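The structure appears below as structure tokens.
Computed from the coordinates by the stated procedures, all read-outs in this text should not be read as laboratory data. Owing to the predicted nature of the structure, the values given are computational and were not obtained by experimental measurement. Using ideal geometry, Cβ is built from the backbone for each residue, glycine included, and neighbour counts are taken over all protein chains shown.
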Amino acid sequence: KQEVTQIPAALSVPEGENLVLNCSFTDSAIYNLQWFRQDPGKGLTSLLLIQSSQREQTSGRLNASLDKSSGRSTLYIAASQPGDSATYLCGSDTDKLIFGTGTRLQVFP
Amino acid sequence: GAVVSQHPSRVICKSGTSVKIECRSLDFQATTMFWYRQFPKQSLMLMATSNEGSKATYEQGVEKDKFLINHASLTLSTLTVTSAHPEDSSFYICSARDRNEAFFGQGTRLTVV
């Protein structure tokens, strides 16, 4: 059974810092890994999808890497802004998407 | 990206009644949809996989007679919470894949009083 863990559970940083969010998963036989953000009381917004054959994906200030063999993915957020404040979830996709516990990020001005 | 629409966004119902939640893929077809449940400050827990034209697949510990899933078309799946109790109060979210990428509905906040 796939288990997904995210570290840290919470993070509070001043605006402008570069951030690293970590995700680890126990079953490396994944089809892909996807990062999402969730604002309070809302659904999930897809940020980046990394296929199992890929090592990283980039979108704007976001960069996600994937190391299948070690069961790890990392989300980098460059030059953080208050609007980045949200919960970030990673989902590992075997035949269904299983989520980690999330990282609650707060970026203060 | 693709759009998944979920309705209603909020519902309050009396204990013992049933509530139906709809999940629609607006600009793509989805043979499979997923239903999740999320308690406050916790992550999403997969409840069941909804399969178009066939029975849903439920995760261990999820009561299939309580959470009825119907996936009658390629763009619509429904989740009915039957005989709702206060402990069923939660945030329910559906998801569908478009070319391997998962997209989520806005979620439904269910409160059972």
Got a sec? How would B:Val4, A:Val107 order by Cβ neighbour count within 10 Å, fewest to most? A:Val107, B:Val4
Between B:Ile12 and A:Ser69, what is the FRET efficiency for a Förster distance of 45 Å, r being their Cβ-Cβ separation, to the nearest 0.05? 0.40
No partner Cβ under 4.7 angstrom, meaning no disulfide-compatible partner by this rule: which Cys of the protein assembly as shown qualify? B:Cys13
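If each residue's Cβ is checked for other Cβ atoms within 10 Å, how do A:Ser65, A:Ser70 rank with the fewest at the top?
Details: A:Ser65 17, A:Ser70 10.
Least crowded to most crowded, the residues run A:Ser70, A:Ser65.
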7 Å from Cα along Cα→Cβ at both A:Glu3 and A:Val20: what's the point-to-point distance in nm? 2.4
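With charges set only on the Cβ (+1 for Lys and Arg, -1 for Asp and Glu), what does the dipole of chain A come to about its Cα centre, in debye to the nearest 20?
Details: 9 positive and 10 negative charges, 21 e Å.
Result for chain A is approximately 100 debye, rounded to the nearest 20.
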Mind giving me the nanometre distance, one decimal, between the label points for B:Leu68 and A:Lys42, set 7 Å out from Cα along Cα→Cβ? 3.4
Under 18 Å Cα to Cα from A:Lys96, which aspartates and glutamates show up? Leave out anything in the same chain fewer than 8 places away. A:Glu3, A:Asp27, B:Glu52, B:Glu59, B:Asp98, B:Glu101
For the protein assembly as shown (alpha-carbon point model, no solvent) the Debye-based log₁₀ I(q)/I(0) at q = 0.09, 0.16 Å⁻¹ works out to -0.36, -1.09
Measure off 7 Å from each Cα along the Cα-to-Cβ vector at B:Met45 and B:Thr82, then give the distance between these two points in nanometres to one decimal. 2.1
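With both bridge residues required to lie in chain A, what share of the DSSP beta bridges run antiparallel, to the nearest 5%? Write out the running numbers ahead of the final one.
On the way: 40 of 45 bridges.
For chain A, the DSSP antiparallel bridge percentage is about 90.
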In Hz, Karplus ³J(HN,Hα) per residue of region B:47-58 (6.51, -1.76, 1.60; θ = phi - 60°; x = Gly, Pro): 9, 6, 10, 9, 10, 4, x, 8, 6, 6, 9, 9
Cross-link partners of B:Lys41 among lysines (Cα-Cα below 17 Å; sequence separation of 8 or more within a chain): A:Lys42
